[in-house]
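Notes follow the structure.
The values are calculated or read from the model by the stated rules, or taken from the named source; none is laboratory data. Just so it is clear, the structure is predicted and the values come from calculations on it, not from any experiment. No Cβ is skipped: glycine too gets one built from the backbone with ideal geometry, and neighbour counts run over all protein chains shown. Just the protein is used for accessible areas: all its heavy atoms, side chains included, with ligands, DNA and RNA removed. Shrake-Rupley method; radii C 1.70, N 1.55, O 1.52, S 1.80 Å.
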Amino acid sequence: MALDTTAMHLGKQQLRASFASPAVYLPLALELLRNGTVPGRELISHRFPLSRLQDALNLLRTDRETTRKVIVIPDARFVK
């Protein structure tokens, strides 16, 4: 992959690498949710059916004050 580093420098752009290893922490995260150490239900502020994905994304963009975690659920499984 070729990068124009001059353009990146002049444009004040950055290239950052990331490495995610969610599988390492998943068992601990699930245990913390199961035993109530982390109040999972309190983290979810909104639920949307998949057919309203655009509404969910708009909410994330516009309401940072009260929006914590938005869950998008397949329409067939969505219950109000």
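Observations on the structure shown:
- Structure-based [θ]222 nm, the chain - -39500 (n - 2.57) summed over DSSP H runs of at least 4, per residue, nearest 500: -11000 deg cm²/dmol
- Accessible area expressed per residue, the chain, with surrounding protein chains retained (probe 1.4 Å, Å²): 92 Å²
- Solvent exposure ordering (accessible area, 1.4 Å, most first) of T5, T62: T62, T5
- Using θ = phi - 60° and Karplus 6.51 cos²θ - 1.76 cosθ + 1.60, couplings along segment 46-52 (whole Hz; Gly, Pro as x): 8, 10, 9, x, 4, 5, 10
- Percent carbon-and-sulfur accessible area, the chain, ignoring ligands, DNA and RNA, probe 1.4 Å: 58 percent
- Cα gyration tensor shape of segment 12-73, rounded if a/c is under 1.5, else prolate or oblate by comparing a/b with b/c: oblate
- Dipole magnitude (debye, nearest 20) for the chain, charges at Cβ of Lys, Arg, Asp, Glu: 180 debye
- Under a 5 Å amide H cut-off, with hydrogens placed 1.01 Å from N, V38 pairs with L33 among residues at least 5 apart or on other chains.
- Spatially, segment 1-45 and segment 49-65 are offset by 20 Å when compared through their Cα centroids.
- Distance in nm between pseudo-label sites at T6 and T66 (7 Å out along the Cβ direction from Cα): 5.2 nm
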